[in-house]
Amino acid sequence: MDTTTTDTTVNFGDIIKKSVTSSFSTDISIAKILITLGISFIIGLFIFILYKRVFSGVLYSKSFNVSLIGMTMVTAMVIIAISSNLVLSLGMVGALSIVRFRTPIKDPTDLIFLFWAAVAGIVTGAGFFTLAAIGSVIIGLVLFFFIKNTSTDTPYLLVINCTGDESEQLVHSQIGSLVKRYNVKQKTVSAGNIEITLEVRLRDNEGRFVNQISQLGGVKNVVLISYNGDYVS
């Protein structure tokens, strides 16, 4: 009775051990390494080109864009190593759990591309080349469409300094006839001066109306500032 129970326990343990160890391939061929890294480089290069095309910020960071290629290839290399050894995979999980990225991400779009590069490397390193390729193409098309398909009207801040109420009313009347819609963001009144900050949306060739406003009576100066609408409420 005891012998049968022991044999059953041993057999059951062997089955679990075999099922776990069979999922890890200890043989990593050079061909597999080259193919995986080559595909991850192509996908990373695709992410690099797309990020450069859709970037709409103020300062383009080439080093960040190049790091997307490196992220894809390094992640793929790590996944190859993890999938080949059980002990290494457990150690790598423990090591990665204490890793923290300290670099601030100013644009949410940068975070999307960074996460995309990491996921593409994981999928490629796991051997799902078709999934990585098709998924990257679909994600790239979606991002390209929604990032590039923006409104043709650009938001601007219009800062006007005038002398009094009459000149202020004249400014509002003139702006109302030149633009479709505008909002008053801020108004500062001091002795002999009124400063008005307005938000207006203009097309690229409509900025010349500032010259007309500056020629109005009582207007001291006019400043037109472009912004993306996210940093000023």
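The values are calculated or read from the model by the stated rules, or taken from the named source; none is laboratory data. Owing to the predicted nature of the structure, the values given are computational and were not obtained by experimental measurement. Every residue, glycine among them, receives a Cβ derived from its backbone with ideal geometry; neighbour counts consider all protein chains shown.
The single condition among (1) assigned to a helix (DSSP H, G or I); (2) polar (S, T, N, Q); (3) out of contact with any Gly (no Cβ under 8 Å at 6 or more places or on another chain); (4) not assigned by TED's automatic domain parsing to the domain that holds residue 52 that residue 167 does not satisfy is (3). Name the residues in segment 48-80 that are buried (at least 16 other Cβ atoms within 10 Å of the Cβ) and small (Gly, Ala, Ser), would you? Matches in segment 48-80: 67, 76.
In this structure, is residue 84 hydroxyl-bearing (Ser, Thr, Tyr) and modelled with pLDDT of 60 or more? Against the criterion (hydroxyl-bearing (Ser, Thr, Tyr) and modelled with pLDDT of 60 or more), residue 84 qualifies.
Regarding residue 130, is this residue loosely packed, with under 12 Cβ neighbours inside 10 Å, of a type in the set (S, T, N, Q) and assigned by TED's automatic domain parsing to the domain that holds residue 56? Taking the combined requirement at face value, the residue satisfies it.
Is segment 133-143 home to any residue that is in the same structural domain as residue 83 (by TED's automatic domain parsing), modelled with pLDDT under 90 and surrounded by 12 or more Cβ atoms within 10 Å (Cβ to Cβ)? No, every residue in segment 133-143 fails to be in the same structural domain as residue 83 (by TED's automatic domain parsing), modelled with pLDDT under 90 and surrounded by 12 or more Cβ atoms within 10 Å (Cβ to Cβ). Screening segment 191-233 for residues that are surrounded by fewer than 15 Cβ atoms within 10 Å (Cβ to Cβ) and at pLDDT 85 or above and picking the one that is nearest to residue 163 (Cα to Cα) gives 193.
The condition (being assigned by TED's automatic domain parsing to the domain that holds residue 33, part of a helix (DSSP H, G or I) and modelled with pLDDT of 65 or more) is satisfied by just one residue among 121, 91: 121.
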